1. Most exposed first by the Cβ proxy, i.e. fewest other Cβ within 10 Å, how do Val144, Val2, Val46 rank?
2. Just to be sure I understand: with springs between alpha-carbon atoms less than 10 Å apart, which residue in Asp105, Asp43, Asp124 has the highest mean-square fluctuation in the Gaussian network model of the chain?
3. Placing +1 at every Lys and Arg Cβ and -1 at every Asp and Glu Cβ, with all other atoms neutral, what dipole size does segment 45-145 have around its Cα centre, in debye to the nearest 20?
4. Using helices alone, what [θ] at 222 nm do you get for the chain, with -39,500 (n - 2.57) per DSSP H run of 4 or more residues, divided over all residues and rounded to the nearest 500?
5. Determine the gain in length on full extension of the stretch Leu126-Arg14; use 0.36 nm per residue of separation and subtract their C-alpha separation, reporting nm with one decimal.
6. Within 10 Å of each candidate Cβ there may be at most 15 other Cβ atoms; applying that plus a DSSP loop requirement, which chymotrypsin sites (Phe, Trp or Tyr not before Pro) in segment 35-107 survive?
7. Could you please rank Lys85, Lys153, placing first whichever residue has the fewest other Cβ atoms within 10 Å of its Cβ?
8. To the nearest 20 debye, what charge dipole does segment 1-80 have about its Cα centre, counting +1 at the Cβ of each Lys and Arg and -1 at the Cβ of each Asp and Glu?
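Bear in mind these aren't lab numbers, they're just calculated from the coordinates by the rules spelled out. Note that the structure is predicted; figures quoted are calculated from it, not measured. Methodologically, a virtual Cβ is constructed for each residue, glycine included, from the backbone with ideal geometry; neighbour enumeration extends over all protein chains shown.
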Amino acid sequence: MVFRVSPPTAEFLRETWETTGALVFGRRTFDLTHGWGGNHPLDVPVFVVSSSVPQEWVYEGSPFTFVTDGLQSAREQAQAVAGDKDVGVGAASIVQQCIRAGLLDEIHIDLVPVLLGGGVGLFDHLGTGPIDLERTRVIEGAGVTHLTFRVVK
Ligand SMILES: NC(=O)c1ccc[n+]([C@@H]2O[C@H](COP(=O)([O-])OP(=O)(O)OC[C@H]3O[C@@H](n4cnc5c(N)ncnc54)[C@H](OP(=O)(O)O)[C@@H]3O)[C@@H](O)[C@H]2O)c1
């Protein structure tokens, strides 16, 4: 897959590729993207949290592992594969569960200038208390601002 982006975004993406060793996603995102067409663009193992296993996606050499015994299990399996690299988590329900469980170290937002007006809120269902973040990086791309926050624990 080829991305045509500005130099600051290219550098940011390259760094993300180099530092990410595995991903954890929710089943809805997996279904919506049809398994990213067969392989996630980051080309790393993906652990999909779900209550069921879609047998058509279970084959020798598949980049997808379906985890039916919970997020903690998915996280442990992903970290074991990632080794010293980072585990990235995507999809709203997974991010929310990770924040609530204190599992998230960093939040990356790729902010684009459009108001969607609806859809699934990424930061819903987080409970009542404020969750403090420290902004650690701002990268200006063309039409996108890459924001990085450290979750203060
Ligand atoms: N902008 C972005 O970068 C980005 C990235 C990713 C996703 N998205 C968007 O986010 C939305 C999807 O997020 P979502 O929150 O609706 O769904 P999701 O997190 O992708 O998937 C939710 C599903 O994952 C499974 N699941 C989650 N936690 C589980 C647990 N602890 N144990 C077992 N199964 C669990 C359940 O599937 P089952 O019950 O079916 O097994 C649940 O219905 C979509 O709109 C997508 O486009 C945006």
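1. Final ranking by Cβ density, sparse to dense: Val2, Val144, Val46.
2. Asp124
3. For segment 45-145, the charge dipole is close to 160 debye.
4. -7500 deg cm²/dmol
5. Result for the pair: 37.2 nm of gain on full extension.
6. Tyr59
7. Ranked by crowding around the Cβ, least crowded first: Lys153, Lys85.
8. 220
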